[in-house]
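> One structure, pasted below without further comment.
The values are calculated or read from the model by the stated rules, or taken from the named source; none is laboratory data. Remember, predicted model here, so these are calculated numbers, not experimental data. When we count neighbours, we look across all protein chains shown, and the Cβ atoms used for this are built from the backbone with ideal geometry, even at glycine.
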Amino acid sequence: MTFRTPLLWLLALCLVVGCNGTKKKELPKIETPPLSITIVADEPMAEAVRRELAARTEEKITVEVVTEEVLLGQKRFTRDLLIYPPAMMGELIQRDWIAPLPSGTLGSEELKLDDVALGISQTETRWGSKPYALPLGSPVLMLMVRADLLKQLNLDVPKTWDEYATAVETIQQSDLLKSSDTIAAATLEPLDETYLANLWLARSAAYVKHGENLSTYFDFTTGKARIDTPGFTKAAEQLAASARTIPDAFNSLDPKAAAEAFLAGKSVMAIGWINKHTLVPETVPEDIMFAPLPGSHETYKTPENQWLPRPGNQPESIPLLSTSGMVGSISSTSGQTMNAANLLVLLTGPELISLISPPSERTTLCRVSSLPMADAWMPPSLPGTALRQYAQVSLEQLQSPRHLSALRIPGRAAYEKVVREAVQKTMASDQSEVETIWKEAAQAWDKLSAESGQAEHIKAFRNSQGIGDNAF
């Protein structure tokens, strides 16, 4: 396959008749440089891209891998395509390194954009109303449970964070942990320092996202931080309470490691995710089940300054997007925009995504048509029933019309650092200090926002949520 628009060769012949018998001349051949791809810190994906392109084209397409630090240390980006974690989008747009996708690309029959999960296409790949990227898949946190052990204790799979907290307490007070040589904890969560801010935000989502509200961790109108409001502080307190029950040997796991420990029988419940690289023991506990993260019967509504029930008093789980994953964008400096767009469509379309995405530890399926091929993203030793259930629930979460985006604004690392420190202080403090801890964190966020320019900050927050300057 070729990605280049056929060049119109100029074959004008100059015939000069004279005594010297000058020969006809041909204009020089016009050459275009080979397309180039940069992939951020994902050599397994890069190897898959090289392999699949080599099998499909004779063109010399260069594929390089750089760390995020090295990439952002450059003064400008000169490649044609960039494949990167979606949380980097705001920083890249601020630098004017990536460009919106051509409108013709989005309607491409080869792309089949309507096959992409709703949350991914509505928010993760957009900046405001403009589509800037095509997805290679991103996971959401899942609740994992031993249904057989919950049944022994007369517990149901938790549908709310309050039910989850009750389940943890019930398991802790039972004889289950004392009588087992394997089970070490009621639950395991990704308390790894680098993921802690996202865990807190994932727990907060069900308390702060409701209806069509646009103000979540920042106010949509003023840009002021709202992380000191009751929805966020309740999530922080519940996270801290759960973390205190987790043994030291398991208190620094990332989402994948938390899932591995659960599959090895170390806990009754866990929060994490599974991918092709997840280590699965030869014997997996029976009756494992996967479910969306717990939700809430009520949400805190700031205008009313009170907790109000959701419609029908039904709990709703709100998935948090873009804490991991990979997306691809066209460089704003590419001299071959349409050729680069065609290449990006090939890499992210339904034909190749199941070959290129699974080798990465950051991705999962993001297309409805990929569901029958879900095993491409799953560890081969995971039992078939569990595999299919995990894939189905994961895709349903990505399809949710209500979701929350993780921090994607410029300077996100500084904001995450503030949250991480606030969560750690909450874990080490008693309840009387929580309000002060999060008030100080909100003030620190507002200071960061002011340093970046309040107007620019407001615009970035709105765009990062896929809503742009106008609410409707």
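Yes/no matrix, rows are residues, columns are (1) farther than 28 Å from residue 173 by Cβ; (2) of a type in the set (Gly, Ala, Ser):
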position: 245; (1), (2): no, no
position: 264; (1), (2): no, yes
position: 273; (1), (2): yes, no
position: 280; (1), (2): yes, no
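> Does any residue in region 172-183 that is in contact (Cβ under 8 Å) with a residue 12 or more places away in the chain come within less than 6 Å, Cβ to Cβ, of a residue that is small (Gly, Ala, Ser) six or more places away or on a different chain, and which pairs are these?
Sorted first by the residue in region 172-183, then by its partner, the pairs are 172/186; 182/265.
> Scan region 421-472 for residues that are under 26 Å from the mean Cα position of the chain (by Cα) and on the phi > 0 side of the Ramachandran plot and jot them down.
Selection gives 466, 468.
> Sticking with this one: Applying the selection to region 155-201, what residues are in contact with a strand residue (DSSP E or B) (Cβ under 6 Å, 6 or more places away or on another chain), within 25 Å of residue 298 (Cβ to Cβ) and of a type in the set (Gly, Ala, Ser)?
Answer for region 155-201, where residues must be in contact with a strand residue (DSSP E or B) (Cβ under 6 Å, 6 or more places away or on another chain), within 25 Å of residue 298 (Cβ to Cβ) and of a type in the set (Gly, Ala, Ser): just 186.
> When region 167-208 is examined, which residues are found to be buried (at least 23 other Cβ atoms within 10 Å of the Cβ) and in a loop (DSSP other than H, G, I, E, B)?
Listed by number, the residues that qualify are 189, 190, 195.
> May I ask you to verify whether residue 416 is buried (at least 17 other Cβ atoms within 10 Å of the Cβ) and assigned by TED's automatic domain parsing to the domain that holds residue 222?
yes
> Of (1) among the small types (Gly, Ala, Ser); (2) more than 23 Å from residue 108 (Cα to Cα); (3) over 21 Å from the mean Cα position of the chain (by Cα); (4) not in a loop (DSSP other than H, G, I, E, B), residue 391 satisfies all except one. Which?
Every condition holds for residue 391 apart from (3).
> While we're here: Of all residues in region 335-354, how many are surrounded by 16 or more Cβ atoms within 10 Å (Cβ to Cβ), outside any loop (DSSP other than H, G, I, E, B) and not β-branched (Val, Ile, Thr)?
9
> Could you list, in sequence order, the residues of region 235-268 that are without any contact (Cβ under 8 Å) to a residue 60 or more places away in the chain and more than 26 Å from residue 325 (Cβ to Cβ)?
Once the filter is applied, which keeps residues that are without any contact (Cβ under 8 Å) to a residue 60 or more places away in the chain and more than 26 Å from residue 325 (Cβ to Cβ), region 235-268 yields only 248.
> Which condition number does residue 123 fail, the rest of (1) farther than 30 Å from residue 187 by Cα; (2) out of contact with any His (no Cβ under 7 Å at 6 or more places or on another chain) being met?
(2)
> Something else about it: Please tell me if residue 223 is assigned to a loop (DSSP other than H, G, I, E, B), closer than 21 Å to residue 87 by Cα and over 18 Å from the mean Cα position of the chain (by Cα).
Considered against the rule, which asks whether it is assigned to a loop (DSSP other than H, G, I, E, B), closer than 21 Å to residue 87 by Cα and over 18 Å from the mean Cα position of the chain (by Cα), residue 223 comes out as yes.
> May I pose another question? Only one of these conditions is not met by residue 434: (1) within 23 Å of residue 87 (Cβ to Cβ); (2) buried (at least 17 other Cβ atoms within 10 Å of the Cβ). Which number is it?
(1)
> Please note which helices (runs of 4 or more DSSP H) are completely contained in region 27-114 and include at least 1 residues that are at pLDDT below 95 and surrounded by fewer than 16 Cβ atoms within 10 Å (Cβ to Cβ).
Answer list for region 27-114: 43-56, 103-106.
> I've got another one for you. Assigned by TED's automatic domain parsing to the domain that holds residue 445, touching a Leu at 6+ places or on another chain (Cβ under 7 Å), among the hydrophobic types (A, V, I, L, M, F, W, C) and under 30 Å from residue 389 (Cα atoms): is that true of residue 284 in this structure?
For residue 284, the condition - assigned by TED's automatic domain parsing to the domain that holds residue 445, touching a Leu at 6+ places or on another chain (Cβ under 7 Å), among the hydrophobic types (A, V, I, L, M, F, W, C) and under 30 Å from residue 389 (Cα atoms) - is met.
> Considering only region 455-472, state which residues are out of contact with any Pro (no Cβ under 9 Å at 6 or more places or on another chain), surrounded by 14 or more Cβ atoms within 10 Å (Cβ to Cβ) and either modelled with pLDDT of 95 or more or small (Gly, Ala, Ser) (or both).
Once the filter is applied, which keeps residues that are out of contact with any Pro (no Cβ under 9 Å at 6 or more places or on another chain), surrounded by 14 or more Cβ atoms within 10 Å (Cβ to Cβ) and either modelled with pLDDT of 95 or more or small (Gly, Ala, Ser) (or both), region 455-472 yields 458, 459, 461, 462, 463, 464, 466, 468.
> Oh, and also: Residue check, residue 154 against (1) in the same structural domain as residue 347 (by TED's automatic domain parsing); (2) of a type in the set (S, T, N, Q); (3) surrounded by fewer than 22 Cβ atoms within 10 Å (Cβ to Cβ), all met but one. Which one?
Status for residue 154: all satisfied but (1).
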